[in-house]
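One structure below.
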Amino acid sequence: MSGEGILVVEDNAINLELMKDLLVTRGYTVYEATSGQKALTLARILKPQMVVLDIQLPGIDGLEVARLLKSEPATAGTLIVAVTAHASKIDEETARRAGCSAYVTKPIDTRAFGRLVADLLHEVAQP
C-alpha cells in the first residue's frame, strides 16, 4: 500500500538517502530525522504509520526511542523497523523487546527492504 507516512531516522546521510529513495519510489510519504530526539518530536507530531529506526544514534539511541514511542498511547501502535550494522541474534532480540516489529541489518538489501515495509504495512491494514 502506498501513501503511508514513514519516518526514517538515520544519522548517516548516505544511508538516509538510500532508504528515503527506496520508500519514495514505492509511493510512500517519507519524513526524516537524524537524531533520536528529533525522531521523538516528529513521531509525536506526525504520528507516522512506521518508523525506520537506526539503532546507533547520537544522544538518545534507537532502542530508547523505540521504548519511548511504544510507551506513549499516541504512538504505541506505530510500527518500528530497527536498522543496524549489528547482526547478532541477541541484538535482534533486544530490538524486538524494545518494541521493534522487524530488524534489518546494514548494508540493507534494497529489494528485501521494500518488501518488508510493504508486508508490515499490509499486515496492519488487514481487518
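Any read-out appearing in this document is the output of simple, stated calculations on the displayed coordinates, not a laboratory observation. Just so it is clear, the structure is predicted and the values come from calculations on it, not from any experiment. All Cβ positions, glycine included, derive from the backbone under ideal geometry; neighbour counts span all protein chains shown.
Filtered by the rule that a residue be touching a helix residue (DSSP H, G or I) at 6+ places or on another chain (Cβ under 9 Å), of a type in the set (Gly, Ala, Ser) and surrounded by fewer than 23 Cβ atoms within 10 Å (Cβ to Cβ), segment 55-85 gives Gly59, Ala74, Ala76, Gly77.
Of the candidates Lys20, Lys106, Lys70, the single residue that is under 12 Å from the mean Cα position of the chain (by Cα) and charged (D, E, K, R) is Lys20.
Of the residues that make up segment 108-122, is at least one assigned to a loop (DSSP other than H, G, I, E, B) and of a type in the set (Ser, Thr, Tyr)? Looking for residues that are assigned to a loop (DSSP other than H, G, I, E, B) and of a type in the set (Ser, Thr, Tyr), one finds none in segment 108-122, hence no. Taking only pairs six or more apart or across chains, which ones have beta-carbon atoms under 6 Å, a first residue in segment 68-95 that is hydroxyl-bearing (Ser, Thr, Tyr), and a second residue that is crowded, with 17+ Cβ neighbours inside 10 Å? As it stands, the answer is Thr75/Ala43; Thr75/Leu69; Thr78/Val51; Thr78/Leu69; Thr84/Ile55, since those pairs meet every condition given. Pairing residues of segment 10-28 that are touching a residue at least 12 places away in the same chain (Cβ under 8 Å) and aliphatic (A, V, I, L, M) with residues that are surrounded by fewer than 18 Cβ atoms within 10 Å (Cβ to Cβ) and part of a helix (DSSP H, G or I), at Cβ distances under 9 Å and at least 6 apart in sequence or on separate chains, gives Leu18/Thr110; Leu22/Thr110; Leu22/Gly114; Leu23/Gly114. Among the residues of segment 86-97, the one identified as surrounded by 13 or more Cβ atoms within 10 Å (Cβ to Cβ) and either hydroxyl-bearing (Ser, Thr, Tyr) or in contact with an Asp or Glu (Cβ under 8 Å, 6 or more places away or on another chain) (or both) is Thr94.
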